[in-house]
């Protein structure tokens with residue numbers, strides 16, 4: 001049986017990393033860049049997704065991992081909300097909004113799938129999960 005030994009191997013973390021980079025790029029442009037409150041909040045929320053996936057994984061137990069994944073999923077929703085605000089006040093285009101919302105929704109779905117898997121798993125430690133699940137990989141994509 002293969003094991004996942006690093007949080008970097010989780011697809012949800014990899015996709016959240018991509019989202020984080022995109023949030024940083026979009027929030028560095030134009031009026032978004034000078035709206036310090038919104039820029040800082042959306043960046044903190046996107047960082048929170050990555051950080052909570054990481055922290056939960058490193059706790060080595062399903063219960064705590066689920067708790068941190070739930071926080072990560074909520075931060076993902078927070079990013080979506082702030083993207084809508086950015087669009088509503090014309091900091092980002094509708095096309096950029098749809099692309100980023102799609103990425104954020106994908107991250108949320110993957111996190112949800114991992115939570116569901118962990119809740120139904122008889123294994124207590126996350127490092128014993130089999131990588132055939134769609135949210136796990138042993139490949140280094142990023």
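The values are calculated or read from the model by the stated rules, or taken from the named source; none is laboratory data. Note that the structure is predicted; figures quoted are calculated from it, not measured. All Cβ positions, glycine included, derive from the backbone under ideal geometry; neighbour counts span all protein chains shown.
A single member of 49, 85 is out of contact with any helix residue (DSSP H, G or I) (no Cβ under 6 Å at 6 or more places or on another chain) and either part of a helix (DSSP H, G or I) or within 22 Å of residue 119 (Cβ to Cβ) (or both), and it is 85.
Take residue 119 and tell me if it is at negative phi, in contact with a helix residue (DSSP H, G or I) (Cβ under 7 Å, 6 or more places away or on another chain), modelled with pLDDT under 95 and not in a helix (DSSP H, G or I). Criteria not met by residue 119. For the range 65-80, how many residues meet the condition of being touching a helix residue (DSSP H, G or I) at 6+ places or on another chain (Cβ under 6 Å) and either surrounded by fewer than 22 Cβ atoms within 10 Å (Cβ to Cβ) or at pLDDT 95 or above (or both)? Adding up the residues that qualify gives 11.
The single condition among (1) part of a helix (DSSP H, G or I); (2) closer than 30 Å to residue 119 by Cα that residue 39 does not meet is (2).
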